[in-house]
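A short write-up of the structure that comes next.
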Amino acid sequence: MVRQYPQGRGYNTLSILIGSEGIAYFYAMETTTRDAVDELLQTYGETGGINYLDAAATLPSRLAVEAACAELMSLMFPGFRSEALVSSEDLAETTRARMRNLHARLKTEICRSLGKIPPNEAIEAKADEILSSFMSKLPQLRRVLWTDIDAAYEGDPAAKSYEEIILAYPALEAIAIYRMAHELYDKVPLVPRIMTEWAHSRTGIDIHPGAKIGPHFFIDHGTGVVIGETSEIGSRVKLYHGVTLGARSFQKDEHGKIKKGGKRHPKVEDDVTIYPNSTILGGETVIGARSTIGGNVFLVQSVPPDSLVYYEEKQLRIMPKRPHKTAEPSGAFTG
């Protein structure tokens, strides 16, 4: 209810509209907010943890790296990523322009990831060296991606064309971004992880950029697949949704903290198929070539080549349902 207050007696417009109770409420809200801000600012001044305000100013931009990922996908598959179509005559100049734009965008983020903005001459030279090597590998990466498209077409009877795979298969996007991020891994901090997380958030497929994956790689459906940092995957490997290649345990130092690095994830040799929701753990675990791992298998040990691994479950039974009794109508006379 709006209270009516006489004009000209010390009441401002806000008090006329909401009354003294409303003024008290907003005053209390303002005080609470001010106290929360003061306390939050105090946590910013504490040491360690996430309190690196000066360093945060030099961190790579997620938005810029994600835009670079989109640009890279357009370079790998021109005309398939909703960008403006170009004629064959203009393709060369368009590709050169994309490469220039990509170089400029990534150079800034690489300089940031190397911890120097604005960059000095040494950091700029290092960023240029990294980018030159990375861009020189894009043609070969595209050739490897064609083997992955081949694997999808040959491995999925639902695939009607290569165009369908490029346009509609989330696994191809995840694999493509992984392959490009892998080329930057161990050369640039942060940027490769942002790249693969962009693909993860879009596809549900989590491939660490440090993993080593051979050609003709196919992930069918893909949702929930996790491939850890030190995983090794050979050629012509096929995974289904929900497969995890993970770590079995983590070594700890004398202070009880997890040791970083080391081989923690499995090796999967050539021509292996792993069916849905199987979990394979451990840095010493090796899945031998040409093996098949059935669905829902949990493995923490190696498997020799040419193995079939599955759980022998109870026999499935199918039987007719019992007929249901017809319920008596509520309130019906039964006497």
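Annotations
- Solvent-accessible area, 1.4 Å probe, carbon plus sulfur percent, for the range 179-271: 47
- For the range 85-156, the carbon plus sulfur part of the accessible surface works out to 52%, probe radius 1.4 Å.
- Contour minus Cα-Cα distance for ALA122 and LEU167 (0.36 nm per residue): 12.1 nm
- Looking at the range 209-264, the DSSP beta bridges with both ends there are about 10 percent antiparallel.
- Derived scalar couplings between HN and Hα for the range 123-131 equal 5, 4, 5, 5, 4, 5, 5, 4, 5 Hz in order, rounded to whole Hz, by the Karplus curve 6.51 cos²θ - 1.76 cosθ + 1.60 (θ = phi - 60°), x for Gly and Pro.
- If R0 is 35 Å, the Cβ-Cβ spacing of ARG142 and ARG290 corresponds to a FRET efficiency of close to 0.80.
- Residue among TYR185, TYR169, HIS200 farthest towards the positive dipole end of the range 155-200, charges placed on Cβ: TYR185
- Approximate spin-label separation LYS263-PHE298, in nm, with each point projected 7 Å along Cα-to-Cβ: 2.5
- Accessible surface calculations at 1.4 Å, restricted to protein heavy atoms, place the range 141-263 at 47 Å² per residue.
- Karplus-derived 3J(HN,Hα), 6.51/-1.76/1.60, for each residue of the range 102-108, Hz, glycine and proline x: 5, 4, 5, 5, 6, 4, 4
- Difference of contour (0.36 nm per residue) and Cα-Cα distance, MET29 to ARG248: 73.8 nm
- Cα-centre dipole for the range 112-195 with unit charges at Cβ (Lys and Arg positive, Asp and Glu negative), debye to 20: 320
- For the range 246-283 versus the range 302-321, the spacing of their alpha-carbon centroids is 25 Å.
- Taking amide hydrogens as placed 1.01 Å from N in the peptide plane, the amide H of ILE213 sits under 5 Å from those of ILE233, each at least 5 positions away in sequence or on another chain.
- Residues whose amide H comes within less than 5 Å of that of TYR240, counting only those at least five positions distant or on another chain, are ASP220, ILE274 (H built at 1.01 Å from N in the peptide plane).
- Assigned charges on the beta-carbon of Lys, Arg, Asp, Glu; the range 218-280 dipole about Cα centre (debye): 300
- Pairs beyond 31 Å (Cα-Cα), from LYS116/LYS137; LYS126/LYS259; LYS160/LYS187; LYS187/LYS252: LYS160/LYS187
- Phi angles across the range 30-37 convert, under the Karplus curve 6.51 cos²θ - 1.76 cosθ + 1.60 with θ = phi - 60°, into 3J(HN,Hα) values of 5, 5, 4, 4, 4, 5, 5, 5 Hz, Gly and Pro given as x.
- One chain, two ends: SER201 and ALA97. Fully extended at 0.36 nm per residue, the span grows by 34.6 nm beyond their Cα-Cα distance.
The values are calculated or read from the model by the stated rules, or taken from the named source; none is laboratory data. Here the structure is a predicted model, which means the values were calculated and not measured. Quick reminder, even Gly has a Cβ in these numbers, built from the backbone with ideal geometry, and neighbours come from all protein chains shown. Surface areas here come from the heavy atoms of the whole protein model, side chains and all, with no ligands, DNA or RNA. Shrake-Rupley method; radii C 1.70, N 1.55, O 1.52, S 1.80 Å.
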